[in-house]
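What follows is calculated from the coordinates using simple rules that are stated; it is not laboratory data. On a predicted model such as this, the values are computed, not experimentally measured, just so you know. Here the Cβ is made from the backbone with ideal geometry for all residues, glycine too, and neighbour counts use every protein chain on show.
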Amino acid sequence: MANVARSLERAFSMNNIKAVALAINSPGGSPVQSHLIFKRIRALADEKQVPVIAFVEDVAASGGYMIACAADEIICDSFSIVGSIGVVGGSFGFNKLIDKIGVERRLYTSGERKGMLDPFLPENPDDVERLHAIQRDIHDGFIDLVKSRRGGKLDSRETALFSGEYWAGRRGLELGLVDVIGDLRGVLRERFGNKVRTPLIAERGLFGRRMPGVSGGLASLWSGSNLADDFIATLEARELWARYGL
């Protein structure tokens, strides 16, 4: 969230704004960070009374798809990957390895569950079930979010819709995960005229280079009194990763 907050504010704060376009290219990441970005987009859209259009590039999966759901309309390429509405977490088990190489594990905790899922201890089924319970809570919230945003557009006959499976763009359109097959330039030129321009709104690092993960965009369209044309500014939703991410 810290990497995109300022750019979001800039995009939504332009004079005489008509719409904001999100160019999303992310396979997912932290459920919390994805949700924070989702909520910030919706808060700004409601505050400014501005429609939001999401354009999926290579992928908008899991947390990336959650962010796409902040838009009023989702557009993707026929070869884009969308979906993956689920939660995943993983680790490794090293307890047999440290026994083999003669390492003694020393763990000091206060709280009987503080060492839960330690990769250097044997797996405890009770700890695994606790993790699954947390994942189910997050997954249920993710499902509710998608349903609240996509509503009746979703194909309720598809039992795999919330299984964590993902699909290519055309199948995603059939399932109601997206609204249109298209691309940012083509759709915006069709809707806002051939003179639409696309300056990038993105945070920049040392020597003015774009921050890692930024290659697409968050875009704002406006027609100010001192501007001859409409404009669009873009920022890509950064990839977010976490141990128990979406």
Roughly speaking, what is the stretch gain from LYS195 to SER13, that is 0.36 nm per residue apart minus the C-alpha to C-alpha distance, in nm to one decimal? 63.3 nm
Quick check: pseudo-label points 7 Å beyond the Cα along Cα→Cβ at PHE79 and SER156, how many nm apart are they? 3.6 nm
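Around SER148, what is the net charge, scoring Lys/Arg as +1 and Asp/Glu as -1 over all other residues with Cβ under 15 Å from its Cβ? It would help to have the intermediate numbers written out before the result.
Working: positive: LYS39, ARG42, LYS147, ARG149, ARG150, LYS153; negative: ASP46, ASP72, ASP140, ASP144.
Overall, the nearby charge balance is +2.
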Pairs over 20 Å Cα to Cα, from LYS39/LYS147; LYS18/LYS153; LYS18/LYS48, come to LYS18/LYS153
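Calculated FRET efficiency, GLN135 and LYS114, Cβ-Cβ r, R0 22 Å, to nearest 0.05? Spell out each step's value before the answer.
On the way: r = 20 Å, r/R0 = 0.90.
Here the calculated transfer efficiency is 0.65.
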Considering only C-alpha atoms, what is the centroid distance from region 1-54 to region 155-184, in Å? 22 Å
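What FRET efficiency comes out for the pair ALA2/ILE98, r = Cβ-Cβ distance, R0 = 45 Å, nearest 0.05? List each step's numbers first, then the result.
Numbers: r = 37 Å, r/R0 = 0.81.
Result of the calculation: an efficiency of 0.75.
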Can you list the equivalent-ellipsoid semi-axes of region 1-51, largest first and in whole Å, using the square root of 5 times each Cα gyration tensor eigenvalue? 21, 11, 10
